[in-house]
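Let me begin by presenting the structure, written as structure tokens, before commenting on it.
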Amino acid sequence: MMPLGDILPEITVIVTAVAILLFATFAPQRLQWIGAPIALCGLGCAAFLCGLQIGSERLTFTGSWALDAASIWGRLLILGATAFVVVMSPDWFERDRRHGEYYAILLFSALGAMAMAGAADMLQLVIGALLSSATGYVLAAYHRDWALSVEAGMKFFLIGALANTSLMLGAIMMVGMLGDTGFTGMSAALASGKPSPVLLLGTVLVMVGLSYKLGAAPAHAWMPDVAEGAPAPSAAFLTVVPKIGAAIMLARLVSLFPLDTAAIRPLVAALALITMTIGNLAALWQDDLRRMLGWSSVSQSGYALMAISVVGLSPAAMPALIIFLLGYSTANLATFAAITHLRGRTDRADFSGLVSSRPLEAIAIIIGLLSLVGIPPLIGFVGKLELFLATIEGGYTWLAVAAVANTVASLFYYLRFIAPMVFAKSSSVPATLGAWSGAAMVSGPIAIVLLGLLVNVILAPLIGTELLPS
Amino acid sequence: MALAISLMSGLLFLCALAWPADYKGRARQYYAWFLFLQGVSLGLFLTLDLLVFYVFFDLSLVGMYFLIGRWGHGDAEYAALKFFIYTLAGSLAILLAILGLVLANDTLTFDMRELIAAQPLQGVDVRSSLVLLGFLVGFAIKTPLVPFHTWLPLAHVEAPGPASAILAGVLLKMGTYGIVRIPFSMMRETFAAYALPLAIVALMSILWGAIVALGQTNLKRRIAYTSVNHMGYTVLGIAAAGAAIGGDAARTLALNGAITEMVAHGLITGALFLMAGSFWQRTGTYELSAYGGLARVAPKLMIGFFLAAFASFGLPALAGFVAEFQIFAGTFAIYPWLAAIGLIGILITAALFLSMLQKIFFGDLVDQRQGFADLNRTEVGFLALLLVLVVLIGIYPGWLLTMIETGSAFLPLQGTEG
């Protein structure tokens, strides 16, 4: 008898997605928006079911699915982020002929990310990554008639094809060398045997594949194009949700390796450094807010990699990763929600004087950006604090110092967008979308502040938990 | 110590709020940011938790960034940006140092009292040296000490007068307060080992600040550089007090002097910057060459400015003297040569203030200053409040010293040998 109860959240998501697909096929254009409330109900139920699992720490489905703090909180985060994107969407896609289907694809993509977050098996990992990618291409190129959107989708697809091939090859090599697809067996084989070159090559190839989902070097190049060209809700989704799944996945993979053999952690640390630096340098002089956010997302992936590089070295690594992902997701989504509400305007000059013409939207963007920098008491600060703590404790002080230097540099480009909003004169009052996107826009900054103040509620149960299998 | 500095900050905020300024049509936001900054500053001085300290430290940057950027003049945006980035770099260095210090402790706590009692890092190994370096660099940027001072003149010149007063009077104190509260108290042994280099950096600030100030032709830049000079005195006093050589009496004297200097500098420079703001309100320029002979049209302004300037370079019977006397008396017992060279700084400060006073108030009245209005009633009232305290500390410093000493008892100076 399969323990179906353990994957009830996933089942709920897939059933909801199918229901939306059926509904969208038969509903007239003016009713397509009802897909959004259906999706929200489904996500809510899934989150509730997922919440019931809090506290469990075991493997299920013959060791291929992990139910531990990282998996549960990561999936909750994915569900929450997806719900937020759903709220952003109805106004944006109002006139789109395929409006209703959008929510179904969002849910399928979220399912892929959830499968990655919970995977404790190499094949499960590959399936999750592929599901998340295949739906991602559609989300990025959703505006078929708009060149920029198609270009974003195309770039996403080409890099994705390459990265996923690498992931598959690497997975095959790893499974072949270790003789098991389950993480428990792989971990045992790693602990006993000497690492062979093929195994290391396989690991590196898998990391390249995951770096694509994570938006980290070396497969990060799609990030700015998707952030700029994809429909704004898709951009918000694709810069956040796959990243959560991939980060937890990679952390679990790294945790399999014993501390003394195979220099996998220094490799991740080097990737972290390269990723955050590339992202920051490229973001410095961008004049397009969404493109800048794309590059800043790359550098934020680098920060997330910091926590992954000390997995197993510091007990604070896993809580730091979750809290950081929470902070990053909230801030990035809040900023994109404000941009969506402003009808996707993105040129730096268009934001001049926004504080006086559209104060709420401007404050949302400013709070979002400051949280990305890590200004207290916003949630982004707690994330960075935990990251630094874990990195120093894990013995990678140089990485923390590099991250500090990068944070200072990042302040520059965030302020480059904040300054004209606050200090310049506005010429006109920009148009906005409707009530849905407005609700998302308002709730974003509130969430950033509240989460920052109440973070202990989430942090406390995380402390002391380990990644499975361990 | 915390009480004295918070009282001074509260008073200075009161005056800065009441001081007339150019609101640029956004009076509500202006006052809101000021009150935000006041809350943050008081919180910083009064908290006993390292993490809360850091939170307030960072928030003060945000508040000041918007005050300078929105209500400043000239190239305010650039000045605000430079200020924010520079000091954020400093505060992140502090964050890393805080984490390094806290992780060295057995239990994960951010409680200042526990950390002071535990002294988690001792000796001069690589780790404690790096942590100390993080703290000192971070606080030196905020204080600011040479060579980290370059954000200061720009931020001061472009900020509105009352914001400059707060920046100099309160925000700079966060740096020196932080040094006393954290590395000085929590890692005494390491601090003692590096007290001499710190004292030398402080000496450089004293001299460099004074000499560069002498060369400025802009009223506000000149006052801004004297801040570098004065904060140099403060740090010199702290370094002397932290050194493990010399008697307890001398070290207590130096520390008391440093804290008195923080209070005195807040009051005096606050008053000077507020008055500089009045100059701008009336004429729109800070260039010294645009002024002359104001004694005839603005006698009240002249009296206030003279008093504050005299206090600033340490004329006896005024607050600056009490502070500087104690610092130098204490330092002489510990680093006699440094103290002797430091005295040159006072000489230069005197020269630069006197020449500035001469230029502004004496000589022939410049034509376009015929209609220069004297200080109005509000300005006189609040200025008097600050300057009366300056005089009071000058002639009867006992009450302030008692307050500081009661507070310093909390800093267990007797803990180290010597």
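The values are calculated or read from the model by the stated rules, or taken from the named source; none is laboratory data. Note that the coordinates shown come from a computational prediction; the quantities given were computed from them, not determined experimentally. A quick note on method: Cβ atoms are made from the backbone with ideal geometry, for glycine too, and the neighbour counts reach across all protein chains shown.
How many residues does segment A:149-183 contain that are closer than 23 Å to A:Pro266 by Cα and touching a residue at least 24 places away in the same chain (Cβ under 8 Å)?
Applying the first criterion (closer than 23 Å to A:Pro266 by Cα) to segment A:149-183 yields A:163, A:166-167, A:169-171, A:173-175, A:177-178, A:183.
Next, from what is left, pick out any that are touching a residue at least 24 places away in the same chain (Cβ under 8 Å): A:163, A:166-167, A:169-171, A:173-175, A:177, A:183.
Counting residues in segment A:149-183 that are closer than 23 Å to A:Pro266 by Cα and touching a residue at least 24 places away in the same chain (Cβ under 8 Å) gives 11.
Filtering segment A:176-198 to residues that are buried (at least 16 other Cβ atoms within 10 Å of the Cβ) and farther than 16 Å from A:Pro469 by Cα leaves A:Met177, A:Pro195. Among residues belonging to segment B:55-90 that are more than 10 Å from every other protein chain (Cβ to nearest Cβ) and small (Gly, Ala, Ser), point out the one that is surrounded by the fewest Cβ atoms within 10 Å (Cβ to Cβ). Filtering segment B:55-90 for residues that are more than 10 Å from every other protein chain (Cβ to nearest Cβ) and small (Gly, Ala, Ser), the one surrounded by the fewest Cβ atoms within 10 Å (Cβ to Cβ) comes out as B:Gly74. Annotation: B:Asp106 fulfils all but one of (1) under 30 Å from B:Tyr23 (Cβ atoms); (2) modelled with pLDDT under 90; (3) not β-branched (Val, Ile, Thr); the unmet one is (1). Give, as residue ranges, the helices (runs of 4 or more DSSP H) completely inside segment B:103-174 that count at least 2 residues that are under 17 Å from B:Phe53 (Cβ atoms). Counting at least 2 such residues, we get B:112-118, B:126-142. If you check A:Leu293, A:Leu210, A:Leu253 for being touching a Ser or Thr at 6+ places or on another chain (Cβ under 7 Å) and buried (at least 21 other Cβ atoms within 10 Å of the Cβ), only one passes: A:Leu293.
Return yes or no: is B:Leu136 surrounded by fewer than 16 Cβ atoms within 10 Å (Cβ to Cβ), more than 11 Å from chain A (Cβ to nearest Cβ) and within 19 Å of the chain's Cα centre (by Cα)? Please lay out each step first, then the result.
Values: surrounded by fewer than 16 Cβ atoms within 10 Å (Cβ to Cβ): no; more than 11 Å from chain A (Cβ to nearest Cβ): yes; within 19 Å of the chain's Cα centre (by Cα): yes.
Taking the combined requirement at face value, the residue does not satisfy it.
Tell me, yes or no, whether segment A:374-388 has at least one residue that is under 21 Å from B:Leu101 (Cβ atoms), facing another protein chain (nearest Cβ under 9 Å) and among the aliphatic types (A, V, I, L, M). Yes, segment A:374-388 contains at least one residue that is under 21 Å from B:Leu101 (Cβ atoms), facing another protein chain (nearest Cβ under 9 Å) and among the aliphatic types (A, V, I, L, M).
With assigned to a helix (DSSP H, G or I), in contact (Cβ under 8 Å) with a residue 40 or more places away in the chain, closer than 26 Å to A:Phe26 by Cα and among the hydrophobic types (A, V, I, L, M, F, W, C) as the only criterion, which of A:Val86, A:Val126, A:Val138 stands out? Walk me through how you get there before you give the answer.
Details: A:Val126 fails: closer than 26 Å to A:Phe26 by Cα; A:Val138 fails: in contact (Cβ under 8 Å) with a residue 40 or more places away in the chain.
Checking each option against the conditions leaves just A:Val86.
Just one of (1) of a type outside the set (Phe, Trp, Tyr); (2) in contact with a strand residue (DSSP E or B) (Cβ under 7 Å, 6 or more places away or on another chain); (3) more than 16 Å from A:Arg290 (Cβ to Cβ) fails for A:Thr346. It is (3).
Each row is one residue, and each column tells you yes or no for (1) surrounded by fewer than 22 Cβ atoms within 10 Å (Cβ to Cβ); (2) of a type in the set (Gly, Ala, Ser).
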residue: A:Ala24; (1), (2): yes, yes
residue: A:Cys50; (1), (2): no, no
residue: A:Glu57; (1), (2): yes, no
residue: A:Glu94; (1), (2): yes, no
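For segment B:25-50, residues that are hydroxyl-bearing (Ser, Thr, Tyr) and under 20 Å from B:Met1 (Cβ atoms) total 2.
If only one of A:Ile20, A:Ile38, A:Ile34 is over 20 Å from the mean Cα position of the chain (by Cα) and either outside any helix (DSSP H, G or I) or modelled with pLDDT under 95 (or both), which one is it?
Numbers: A:Ile20 fails: either outside any helix (DSSP H, G or I) or modelled with pLDDT under 95 (or both); A:Ile38 fails: either outside any helix (DSSP H, G or I) or modelled with pLDDT under 95 (or both).
Residue meeting the stated conditions: A:Ile34.
Of note, A:Trp65 satisfies the criterion of being of a type in the set (A, V, I, L, M, F, W, C), over 30 Å from A:Ala431 (Cα atoms) and either within 19 Å of the chain's Cα centre (by Cα) or surrounded by 19 or more Cβ atoms within 10 Å (Cβ to Cβ) (or both).
Of the residues making up segment A:184-200, those that are outside any helix (DSSP H, G or I) and either free of Cβ contacts under 8 Å to residues at least 24 places away in the same chain or of a type outside the set (D, E, K, R) (or both) are A:Gly193, A:Pro195, A:Ser196.
Checking each residue in segment A:402-429 for being facing another protein chain (nearest Cβ under 7 Å) and farther than 19 Å from B:Gly72 by Cβ picks out A:Val404, A:Thr407, A:Val408.
Could you check segment B:91-112 and list, in sequence order, the residues that are more than 9 Å from chain A (Cβ to nearest Cβ), hydrophobic (A, V, I, L, M, F, W, C) and under 25 Å from A:Ala403 (Cα atoms)?
Just the residues of segment B:91-112 that are more than 9 Å from chain A (Cβ to nearest Cβ), to begin with: B:91, B:94, B:97-98, B:101, B:104-107, B:109-112.
Pick out the ones that are also hydrophobic (A, V, I, L, M, F, W, C) and you get B:94, B:97-98, B:101, B:104, B:110, B:112.
Across segment B:91-112, the qualifying residues are B:Ile94, B:Ala97, B:Ile98, B:Leu101, B:Ala104, B:Phe110.
Just to be sure before I move on: is A:Pro445 over 30 Å from A:Trp285 (Cβ atoms) and more than 12 Å from chain B (Cβ to nearest Cβ) in the structure I sent? Even if it seems obvious, please write down each step before you answer.
Numbers: over 30 Å from A:Trp285 (Cβ atoms): no; more than 12 Å from chain B (Cβ to nearest Cβ): yes.
So A:Pro445 does not fit the description; no.
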